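Written out below as C-alpha cells is the structure these notes cover.
The values are calculated or read from the model by the stated rules, or taken from the named source; none is laboratory data. Not measured: the values here are computed from a predicted model. Ideal geometry is used to build each Cβ from the backbone, glycine not excepted, and the neighbour counts take in all protein chains shown. Note: areas computed on protein heavy atoms with side chains; ligands, DNA, RNA excluded. Shrake-Rupley method; radii C 1.70, N 1.55, O 1.52, S 1.80 Å.
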Amino acid sequence: MTHKDAEETDVAPASSVSPLPARADPIVRLTGITKQYGRDAVVDGVSLEVAEGNVLAIVGPSGAGKSTLLRCVNLLERPDHGRIEVHGHAVNAGEPTSERQVAALRRSTGMVFQSFNLFPHLTVLENVSFAQRRVLGRSRQEADSRSRELLARVGLSDKSDTYPQRCSGGQQQRAAIARALALDPKVMLFDEPTSALDPELGLEVLTVMRELANDGMTMIVVSHEMHFAESVADEVAVMADAKVIEQGDPKEIFKNPSHTRTRQFLRAIVER
Amino acid sequence: METYWYILAGLPTTLALSVLAFAIGAVAGIPLMLARRSSLLLLRAPARVVIDLSRAIPPIVWLFIIFFGLAETGLKFTPFQAAVIGLGVVSSAYLAEAYRGGLMAIDKLQWEAGHALGLSQRDNFQYVLAPQAFRVALPTMATFAIALLKDTSLTYTIGVNEILFRANSEAQVGSASSLAILAFAGALYALLSIPTAMVTRRLDAAMRSKVAQ
C-alpha cells in the first residue's frame, strides 16, 4: 500500500479483518499479526487499528503477547505473518524488508521501554539530542533547543546535564519519553512504562503520558494501569493467550466485560 | 653509577616497545573482534583460530619464530622490529577478546533502544555500544598493558637493547653486584607498572558507573 492509499482510508481494504471500523483515519493498521517462538504462537493472528490522535490501551495477563505485539509495530520483533502499516509505511511479514522500510517504520514510531534504556554514557540532554542529529540530521544547536523544549515539557529542565544513573526511575522514564518525542514520531509506543516504578514515580510518568494524549498524540500503551486505561484510552484491547479477546470503549469493557477471561482478569485487579 | 645510567637508558626502548605493541593490538584487535563476532562462519572461524593460537603460543616462542624462524625464509627483521611484531600479534588477540567481553557485557536493551530510535546499525554500534563496551573493557586492557610491559623483558633473548638486556650484560661483566643490578632493573619495571595500575583503578571506578549493567 502506498502512502496515498493510506490517506484515502475509511474504507478498509477487503483483506483487512479489523474487528472494529475505524472512526477516523487509522494511522496504525495491524493485520493478522502472528509471531511464533518455535511452535508456540505468542501473538496469534491479531488485527488492530488505531485512529490518528487516539490512545489504544492493550491490557491483559502477563504472557498474553501484549509486549510482543507492540514490538512488532516497530519491528523490534519480526512477525511471522501479517502486515504492519504505520503512517502509510507498510511491511508484510515473509516478504524481504529493506533497511529503508524498517527505518521508515521506526522513524514514524517512538518507543518507551519498561526499563527506560537511556544511554548511560550520555547526559540527559545528550540522550534526547543524539538521535535527532544522527537520524534527522539536525544541527547540535537545533537538536539541543528542541531537547530543552521537550525536557521542560516533561518537567526535567534542571536535569539536562545529569547522567541517567543520577536520576530517579520516574525522571529516567520521563527523559526516555522526551528522547522518543524528539524524533517527531507519529505514534508513541509504550511498553509497560510504569511497571518498574513505585506508584508515586509511576504517577509522574502517567501524568506526562496523559498530557501527551490530551495534546493529540497517537499512542499504543501496554500497561497494567487500569485507571489510566479507563480514563485516558479511547479504546482498549484485552489480550489473552496470544489473541485479542475483546476490544472497545474502555468504560464499557471495564464495567461490563463480555468475555469470561476478561472478567477474571479484571476481578484480580479489583481485588488487589 | 655509570652502570645504572646505562641500564636506565634502556627505558625508552622498553617503553617504545610496549606502546607500539599495544597500539598495534588496540587497532588490529577491532577487526579481529568484529570477525570473531560475525554471523558468517567464514569470518568467525578463522578469527577464532587466530585469537586462540596467538594466545596459546607463549610470547617468547612468537619472538623466536619471527626473528629466527622467518629469517630462514628470507624475511629478516631487526630485533626491535621482530619484537614489535611478535608482541603486537599477542596484543591483537588479547585486546580483541577484551573488546568482545566488553560488548557482551552491554545489555541487549541498549541495542533495542538505539534501533527503536531509528539509528543505523553502524551508528548504534559506534555511538551507543562501543563507548560503553570500551568502559567495561578498560580494566582488562589495563591489566594486559601491565603484563605486556613486563613481557617486553622477554625480547632481550632476541637481542633488543632494553632494560633487562642491559642489566644482564652489566651483570655478566660484573661492573657491580648482580643482585643490585637486577634489583634496579626490577625496580624500573615496578615503577612503570604500579602507577599504571593505580590510575586504571581510579578510571575504572569513574567509568563503570556510566554503563548499563
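If you check every pair at least six apart or on different chains, which have Cβ atoms under 6 Å apart with a residue in segment A:179-207 that is at positive phi first and a residue that is open to solvent by 30 Å² or more (accessible area, probe 1.4 Å) and at pLDDT 95 or above second?
A:192/A:114
Would you confirm, using the coordinates I've provided, whether residue A:103 is at the interface with chain B (Cβ under 9 Å from one of its Cβ atoms), crowded, with 20+ Cβ neighbours inside 10 Å and closer than 28 Å to residue A:194 by Cα?
no
Rundown of residues vs (1) open to solvent by 70 Å² or more (accessible area, probe 1.4 Å); (2) at pLDDT 95 or above, yes/no style:
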residue: B:3; (1), (2): no, no
residue: B:14; (1), (2): no, yes
residue: B:32; (1), (2): no, yes
residue: B:36; (1), (2): no, yes
residue: B:48; (1), (2): yes, yes
residue: B:56; (1), (2): yes, yes
residue: B:59; (1), (2): no, yes
residue: B:68; (1), (2): yes, yes
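Inspect all residues belonging to segment B:89-109 and state whether any of them is open to solvent by 10 Å² or more (accessible area, probe 1.4 Å) and free of Cβ contacts under 8 Å to residues at least 12 places away in the same chain.
Yes, some residue in segment B:89-109 is open to solvent by 10 Å² or more (accessible area, probe 1.4 Å) and free of Cβ contacts under 8 Å to residues at least 12 places away in the same chain.
Determine whether residue B:158 is modelled with pLDDT of 95 or more and either within 14 Å of chain A (Cβ to nearest Cβ) or crowded, with 18+ Cβ neighbours inside 10 Å (or both).
For residue B:158, the condition - modelled with pLDDT of 95 or more and either within 14 Å of chain A (Cβ to nearest Cβ) or crowded, with 18+ Cβ neighbours inside 10 Å (or both) - is met.
From (1) more than 29 Å from residue B:206 (Cβ to Cβ); (2) within 13 Å of chain B (Cβ to nearest Cβ), pick out the condition that doesn't hold for residue A:139.
Checking residue A:139 against (1) more than 29 Å from residue B:206 (Cβ to Cβ); (2) within 13 Å of chain B (Cβ to nearest Cβ), the one that fails is (2).
Does residue B:64 meet the test of being within 14 Å of another protein chain (Cβ to nearest Cβ), open to solvent by 50 Å² or more (accessible area, probe 1.4 Å) and part of a helix (DSSP H, G or I)?
It is false that residue B:64 is within 14 Å of another protein chain (Cβ to nearest Cβ), open to solvent by 50 Å² or more (accessible area, probe 1.4 Å) and part of a helix (DSSP H, G or I).
Residues being within 14 Å of another protein chain (Cβ to nearest Cβ), among the small types (Gly, Ala, Ser) and either open to solvent by less than 50 Å² (accessible area, probe 1.4 Å) or within 19 Å of residue B:17 (Cβ to Cβ) (or both): count how many of those fall in segment B:161-213.
The number of residues fulfilling the criteria is 1.
Which one is surrounded by the most Cβ atoms within 10 Å (Cβ to Cβ), of the residues in segment A:197-240 that are part of a helix (DSSP H, G or I) and of a type in the set (Gly, Ala, Ser)?
Among them, the one singled out is A:229.
Within segment A:27-46, which residues are open to solvent by 10 Å² or more (accessible area, probe 1.4 Å) and more than 15 Å from residue A:88 (Cα to Cα)?
Residues satisfying the conditions are A:32, A:34, A:35, A:36, A:37, A:38, A:39, A:40, A:41, A:42, A:44, A:45.
Tell me whether segment A:76-85 contains one or more residues that are within 14 Å of chain B (Cβ to nearest Cβ), within 24 Å of residue A:175 (Cβ to Cβ), of a type in the set (A, V, I, L, M) and open to solvent by 10 Å² or more (accessible area, probe 1.4 Å).
yes
Tell me, yes or no, whether segment A:243-259 has at least one residue that is more than 25 Å from residue A:124 (Cα to Cα), touching a residue at least 60 places away in the same chain (Cβ under 8 Å) and open to solvent by less than 20 Å² (accessible area, probe 1.4 Å).
Scanning segment A:243-259, I find at least one residue that is more than 25 Å from residue A:124 (Cα to Cα), touching a residue at least 60 places away in the same chain (Cβ under 8 Å) and open to solvent by less than 20 Å² (accessible area, probe 1.4 Å), so the answer is yes.
So which residues in segment B:70-88 are open to solvent by 10 Å² or more (accessible area, probe 1.4 Å), over 14 Å from the mean Cα position of the chain (by Cα) and of a type outside the set (S, T, N, Q), if there are any at all?
B:70, B:71, B:72, B:74, B:75, B:76, B:77, B:79, B:80
Name the residues in segment A:106-136 that are within 16 Å of residue A:165 (Cβ to Cβ) and more than 8 Å from chain B (Cβ to nearest Cβ), would you?
Once the filter is applied, which keeps residues that are within 16 Å of residue A:165 (Cβ to Cβ) and more than 8 Å from chain B (Cβ to nearest Cβ), segment A:106-136 yields A:116, A:122, A:123, A:124, A:125, A:126, A:127.
Only one of A:179, A:153, A:148, A:166 is open to solvent by 40 Å² or more (accessible area, probe 1.4 Å), within 14 Å of another protein chain (Cβ to nearest Cβ) and basic (Lys, Arg); which?
A:166
What residue, among those in segment B:111-155 that are more than 11 Å from chain A (Cβ to nearest Cβ) and of a type in the set (D, E, K, R), is least open to solvent (accessible area, probe 1.4 Å)?
The residue in question is B:151.
Limited to segment A:62-75, what total is found for residues that are in contact with a helix residue (DSSP H, G or I) (Cβ under 7 Å, 6 or more places away or on another chain) and surrounded by fewer than 24 Cβ atoms within 10 Å (Cβ to Cβ)?
1
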